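No value in this document is a laboratory result; all are computed from the given coordinates. Bear in mind the structure is a predicted one, so any value in this text is a computation, not a measurement. Positions of Cβ are backbone-derived with ideal geometry, glycine not excepted, and every protein chain shown enters the neighbour counts.
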Amino acid sequence: MASAQAQSGSQSGLDPRKTRALIVGILSWRDARFRSFPTEQRRDATLAELLRSKGVPSANVTVLRDAQATKSAIEAAFAASVRAVQPDETLLVYYAGHGARVDDGGAFFVPHDAVSGRVDSTGWSMRSVVDAVTSSTFRGKSLLTADCCYSGSLTQEARQRAGGRPVATLTSSMASVVSTGNWTFTECLIAGLEGAGVCDLSRDGRVTLEDLGRFTDAQMAFAEEQLATWCAHNGFAAGWQLSTARARACAREGERVEVLYRGQWYRAQIEAERPGAVRVHYIGYSRDWDEWVSADRCRRYSPQRFSVGSNIDVEWNGAWYPASVLAERDGIHHVHYDGYTAVWDEWVASRRCRARTSTASTSGARPTRRGR
């Protein structure tokens, strides 16, 4: 679950001149059992260019993409970055691609040369990343970011293993949850580093870790119906500044709405406003679909919500199962399935929930959880 967990520390921020970055983006794999992703408009490349444009020295930015990103190459580049960081510097680590979990709960990034079914020995361990930047030999701060399934394990590991070391995380999903195949999370990270006005939730002219964590959490819930995670420990404060915020284009910029189009309601965000109309961008669609819409075609986004303790039905693999609600945030529900142990508890999108009926399945073994 997203949480500041920030302790007292410097209220300063990211200094591009004193930043080192390792960016790993993998969209195809040697083992064909790992599904490839489209390469058009890949956002990992955009992130690298943004860091350079903000003043991060080119020599401090290491980029490994696709076939370059073997396990040995990633681990060597990471180790070199960890050694190079000085006491007044920040190491930004970013990964995009597949993530995997094994039976003991360990989570791994999936290098280009990883082998399906053997990620415990061929993957890049998320725990090892946290261990490296929380060790006594690491001299700087670390900001760990990841856009992949089970990426919340980085946050989980940081909370458990930070000790007195300055570490922060921002990840696209929870530790036990698969992630979207879209670039939504990375776009949030880019927006925060660019200083987009919509990320300045405190409206103080700065985008802080807390601002970006809260913005990403809400954006992922809205656009992808999943929850992001973040944390900040020790030398990081929730108010640690990532960028100076630009002014918003209009008071309603970034507002999450639903727009009526040919008899159906689509999720969208407001980008501009004029008397009687707003310009919207449809979530999941290209900019070609952006348009001005009148007020009567636009309504506030209000996801289905069930209160804690409610008895509901939850869809899983095409069947409905009775469950109870343990928690709710932004229309995402943490549920416990009736008759099953807590290992099956999970966060589910509102589209998978409905009021309790008498037709939900009440018996029969559920198949192995997706992604395990």
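For the chain, the dipole from Cβ point charges (+1 on Lys and Arg, -1 on Asp and Glu) about the Cα centre works out to 100 debye, to the nearest 20. The separation of the stretch 285-320 from the stretch 95-128, counted between C-alpha centres, amounts to 33 Å.
Under 20 Å from a point 7 Å along the Cα-to-Cβ line of Asp103: which residues of the stretch 337-354 have their amide N that close? Only 341-345 fall inside the zone, counting backbone N under 20 Å. Residues Tyr261, Tyr150, Tyr285, arranged from fewest to most other Cβ atoms within 10 angstrom of their Cβ, appear as Tyr285, Tyr261, Tyr150.
Remark: the Cα gyration tensor places the stretch 311-355 in the oblate category, a/c being 1.5 or greater and a/b not exceeding b/c.
Relative to the 2.2 N^0.38 Å rule of thumb, the stretch 16-244 has a C-alpha radius of gyration ratio of 0.93. Counting neighbouring Cβ atoms within 10 Å and putting the fewest first, the residues Phe78, Phe109 line up as Phe78, Phe109. Once the C-beta distance of Ser121 and Ser53 is scaled by a Förster radius of 25 Å, the resulting FRET efficiency is 0.05 to the nearest 0.05. Ignoring lysines fewer than eight residues from Lys54 along the same chain, the ones with Cα atoms less than 23 angstrom from its Cα are Lys18, Lys141. In loop segments of the stretch 261-363 as defined by DSSP, the trypsin sites (Lys or Arg not before Pro) with at most 11 further C-beta atoms inside 10 Å of their C-beta are Arg262.
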